[in-house]
1. Among the residues of segment 183-228, write down those that are closer than 14 Å to residue 29 by Cα, within 16 Å of the ligand (Cβ to nearest atom) and in a helix (DSSP H, G or I).
2. Take the residues of segment 1-25 that are away from the ligand (no atom under 16 Å from the Cβ) and part of a strand (DSSP E or B): which is nearest to residue 207 (Cα to Cα)?
3. Tally the residues that are away from the ligand (no atom under 16 Å from the Cβ) and touching a helix residue (DSSP H, G or I) at 6+ places or on another chain (Cβ under 8 Å), restricting the search to segment 26-46.
4. What helices (runs of 4 or more DSSP H) lie completely within segment 68-129 and have 1 or more residues being more than 26 Å from the chain's Cα centre (by Cα) and free of Cβ contacts under 8 Å to residues at least 24 places away in the same chain?
5. Could you list all residues from segment 43-65 that are outside any strand (DSSP E or B) and buried (at least 17 other Cβ atoms within 10 Å of the Cβ)?
6. Go through segment 26-41 and give me each residue that's outside any strand (DSSP E or B) and within 15 Å of residue 201 (Cβ to Cβ).
7. Limited to segment 239-272, what total is found for residues that are assigned to a helix (DSSP H, G or I) and without any contact (Cβ under 8 Å) to a residue 40 or more places away in the chain?
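The values are calculated or read from the model by the stated rules, or taken from the named source; none is laboratory data. Keep in mind it's a predicted model, so treat the numbers as computed, not measured. Neighbour counts are summed over all protein chains in view; Cβ atoms, including those assigned to glycine, are modelled from backbone coordinates with ideal geometry.
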Ligand SMILES: Nc1ncnc2c1ncn2[C@@H]1O[C@H](COP(=O)(O)OP(=O)(O)OP(=O)(O)O)[C@@H](O)[C@H]1O
C-alpha cells in the first residue's frame, strides 16, 4: 500500500490550473518535488492536505481518503509551509502547548532535542525570530509527534548551508531509522542529489516526470560546444554559456558532432528542459 496515493487531482484558478496530478509515495523514501516558480508545487501540497479544496481527484493517505478521515490522517502527518507566522506575539512555549494537545503521539523528549539542536529559545515570540529560525521552529513542531509522513514546502530555502546540511541529515536518519516517508519541494537541486530517492517534476500544473532520481539523471547528457551549435533536432534547450553554448541530449542519442559530452546534474537538466 502506498503511503500517499493521488489520482487525478485538479484545481482551477483564474490564471492557473493544476491538471490531473497523479502520483504515489512509497514508504521509507524521500521524494523531491521540483518545478519552476508558479508551476504548482504549493498548490499541489496544500490541496493534498485540504488546506485548499481541490475541484476533483482522489487523495488517500495510508489507504484512507483524506476527505473522510481528515483528523485521523493529520495525526500521522507533519506539514510545514513557510515559517511560523501565526501568533507572532505569542511565546513559542504557548504555541507548542496548544499544538501538542492535538497530537496523541506528541513526544516532549523529541521536541526538546530539536529545540536544542536548532538553538531555539521557547521564551521568544515568532516576531523575534529570523526567517530561518521560524522555519526551524515549524519543522520542530512537525517532527515531534512521530509522524509517518512529512510534507514540507521548501524547508531548506531560508536556511544557511550548515543548517541545510543538518536538516538533510535529519531527513536521512528519519527514513533509515524510523521508516518515515518524506515529500518536499525545493529549488535547491543539490539538496535532492544528497538525499532524494525519487523526483516529482511539475511543469505548468502537470506532472512531467515521476521516477527514481538516478534514472532521471541517467536519461540525459550535457553537450558543450566551443563555437556555434549545429542544427540538430536532438539538442534540447540550447543556451549560451560564458564560452560557447550548451544543450541537453537524451543519453541514448549519439554525441553531437563537435560537442564535449558530460553527465548532467539535476539543475542542468531542469534549466535546459525549461527552455524547451
Ligand atoms: N489563491 C489563489 N488564487 C489564484 N491563483 C493562485 C492562488 N494561489 C496560487 N495561485 C496561482 O497558482 C500558480 C501556482 O502557484 P504555486 O504557489 O502553487 O506555485 P509554486 O510552484 O509553489 O511556485 P514557487 O516555486 O514560486 O513557490 C501561480 O500562478 C499562482 O499565482
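1. Selection gives 192 alone.
2. So, considering only residues that are away from the ligand (no atom under 16 Å from the Cβ) and part of a strand (DSSP E or B), the one nearest to residue 207 (Cα to Cα) is 22.
3. Selection size over segment 26-46: 3.
4. Of the helices (runs of 4 or more DSSP H) lying wholly inside segment 68-129, those with at least 1 residues that are more than 26 Å from the chain's Cα centre (by Cα) and free of Cβ contacts under 8 Å to residues at least 24 places away in the same chain span 92-102, 108-117.
5. Selection gives 43, 44, 45, 46, 47, 48, 49, 54, 62.
6. 35, 36, 37, 38, 39, 40, 41
7. 1
Here is a yes/no grid of residues against (1) farther than 14 Å from residue 276 by Cβ; (2) in the same structural domain as residue 36 (by TED's automatic domain parsing):
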| residue | (1), (2) |
| --- | --- |
| 205 | yes, yes |
| 228 | yes, no |
| 231 | yes, no |
| 238 | no, no |
| 242 | yes, no |
| 247 | no, no |
| 250 | no, no |
| 258 | yes, no |
| 261 | yes, no |
